[in-house]
Amino acid sequence: MWHARAWFRCTLLAVTVLGGLHGIVLSLRALFSPSSQGTSVFFSAILIAYIYVTAAGVIFWRQPNKTRPLMCALAIQIPWISLPGLVYKFSAGLYIFVAIIAEHHGDKYSAGLNGKFNLGSSCEFRLLQNAPMELGVNVAALAALFLLGRSITSASATLMGPSPKNADQNSSSAVTMS
């Protein structure tokens with residue numbers, strides 16, 4: 001990400017650092033609320049995830065060529081899964097969610113598309129609870145990860161350049177030992 005566009009880099013920094021800090025505040029508030037008895041392990045895990053996202057943004061800010069932590073921080077925000085017995089939705093800073101939804105009411109089944117937009121952090125993780133069937137992606141995180149990957153490959157191709165060929169060598173030469 002050596003030659004990333006300034007607007008893209010600033011957007012990634014804002015979403016990860018500010019979104020991660022927002023998630024840390026929300027997690028701490030939930031962790032220390034009186035109604036959080038029995039769920040402190042869950043809120044602690046979410047707090048660690050938001051600390052990781054924030055740290056990944058700070059690492060990217062300080063050393064733009066270290067993108068692996070940022071790529072992981074974006075990747076954990078992509079899947080949005082809601083099944084009976086498991087719900088996983090995690091975002092820091094921004095999400096644009098698109099999902100396919102299947103519902104069952106009595107003897108009727110229905111399916112459709114759903115979408116949501118949020119500026120801020122959000123997390124939902126539930127086990128062994130009834131939930132509607134939703135399978136989707138966070139389009140904002142997916143697009144950011146894609147653009148980050150493209151900027152890395154284009155920057156590395158620019159830095160490496162074409163390899164020079166020696167005029168005396170044939171491209172199909174082999175090494176022989178006598």
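FYI, it's all coordinate maths here, none of it is from the lab. None of the values given here were measured: they were computed from a predicted structure. A quick note on method: Cβ atoms are made from the backbone with ideal geometry, for glycine too, and the neighbour counts reach across all protein chains shown.
At q = 0.13 Å⁻¹ the log10 of I(q)/I(0) for the stretch 6-159 amounts to -0.65, computed by Debye summation with a single uniform scatterer per C-alpha, solvent ignored. Start at zero, step by 5 Å, and the Cα-Cα distances of the stretch 58-111 spread as 4, 14, 18, 18, 14, 11, 8, 6, 4, 3, 2, 0 percent across the bins. Take the Cα of residue 102, go 7 Å toward its beta carbon, and the backbone nitrogen atoms of the stretch 111-132 under 11 Å from that spot belong to 111-112. Computed about its Cα centre, the charge dipole of the stretch 1-116 is approximately 480 debye, with only Lys, Arg, Asp and Glu carrying charge at their Cβ.
With Rg and the Kirkwood Rh both taken from Cα atoms, where does Rg over Rh land for the stretch 36-77? Display every interim value, and only then the final one.
Values: Rg = 12.6 Å, Rh = 11.1 Å.
Rounded to two decimals, Rg over Rh is 1.14.
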